[in-house]
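What follows is a short report on a single structure.
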Amino acid sequence: MRSRLVRPLIGVRPLIAVLALAGLAGCSGTPAPGGSSSAASAPASSVSPSDSPTPSKPTPTQVPTTLGPEDTAPDPSLPGAKPTPGQGNAELSITVLESASAAPQNYTLVCINGAPADESKHPTANAACTALKNNPSLLSPAPIKSDQACTQQFGGPQTAKVTGAVDGMEVSASFSRTDGCQIALWDAASAIIGSSGGAA
């Protein structure tokens with residue numbers, strides 16, 4: 001009877017040895033102080049083949065991480081991307097200072113349907129009325145954002161103030177040439193201001 005029990009146990013021993021080695025292989029490192037190692041503990045991080053990162057094709061909703069030359073053009077479908085022509089009616093008072101110590105130059109601009117009226121006293125009245133008809137928002141530019149980068153260049157000491165109404169909307173705009181952003185605004189409205197500005 002004893003020999004019958006021994007033979008089945010001999011066949012079980014290699015299986016137990018394999019299981020024991022597999023359990024030891026699952027342990028990693030040495031136990032932490034005060035801790036114990038166990039074959040039941042799993043590694044801290046394991047990556048299965050399905051979890052590995054794989055490159056994916058961008059979907060249409062993803063935003064590109066870099067801009068190419070074609071991405072810098074304004075989108076014509078967005079508001080403000082293209083000037084909206086107006087009626088060309090304006091009554092404006094314009095004051096230009098060529099420098100802080102210079103005498104102010106005062107102009108009056110009256111436009112009717114994009115043409116200057118007789119009472120206009122302005123050096124470039126035709127160009128100013130045309131500019132206002134083509135883009136009445138020149139005197140109502142969006143405020144420069146605080147995080148907007150402007151080139152630090154001095155375009156001249158000139159300042160200008162324009163007040164009045166364009167197409168029935170009240171306007172009050174100030175212009176200077178103290179940095180790249182201000183110079184761009186001045187240049188866009190220079191026909192209305194009556195001065196191209198420039199360093200003195």
So how many residues does the stretch 97-109 have that are open to solvent by less than 40 Å² (accessible area, probe 1.4 Å) and more than 18 Å from Ser176 (Cβ to Cβ)? 1
Residues of the stretch 110-150 that turn out to be in a loop (DSSP other than H, G, I, E, B), without any contact (Cβ under 8 Å) to a residue 60 or more places away in the chain and open to solvent by less than 80 Å² (accessible area, probe 1.4 Å), as a count: 8
Being among the β-branched types (Val, Ile, Thr) and either on the phi > 0 side of the Ramachandran plot or without any contact (Cβ under 8 Å) to a residue 60 or more places away in the chain (or both) is the filter here, so list the residues in the stretch 152-183 that pass it. Thr178, Ile183
Filter the stretch 131-158 down to the residues that are of a type in the set (A, V, I, L, M) and either in contact with a Ser or Thr (Cβ under 7 Å, 6 or more places away or on another chain) or under 29 Å from Ser101 (Cβ atoms) (or both) and list them by number. Leu138, Leu139, Ile144
Residues satisfying the stated conditions in the stretch 152-177, i.e. assigned to a loop (DSSP other than H, G, I, E, B), out of contact with any Pro (no Cβ under 8 Å at 6 or more places or on another chain) and either open to solvent by 80 Å² or more (accessible area, probe 1.4 Å) or closer than 21 Å to Asn126 by Cα (or both): Gln152, Gln153, Phe154, Gly168
For the stretch 111-155, which residues satisfy the criterion of being of a type in the set (Lys, Arg) and farther than 19 Å from Ser174 by Cα? Lys121, Lys133
Unmet criterion (only one of (1) within 15 Å of Glu98 (Cβ to Cβ); (2) without any contact (Cβ under 8 Å) to a residue 24 or more places away in the chain; (3) part of a helix (DSSP H, G or I)) for Trp186: (2)
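The values are calculated or read from the model by the stated rules, or taken from the named source; none is laboratory data. Since this is a predicted model, take the numbers as computed values, not measurements. Don't worry about glycine lacking a Cβ; one is built from the backbone with ideal geometry, like all the others, and counts go over all protein chains shown. To get the accessible areas, we keep the full protein, side chains included, count just its heavy atoms, and leave off ligands, DNA and RNA. Shrake-Rupley method; radii C 1.70, N 1.55, O 1.52, S 1.80 Å.
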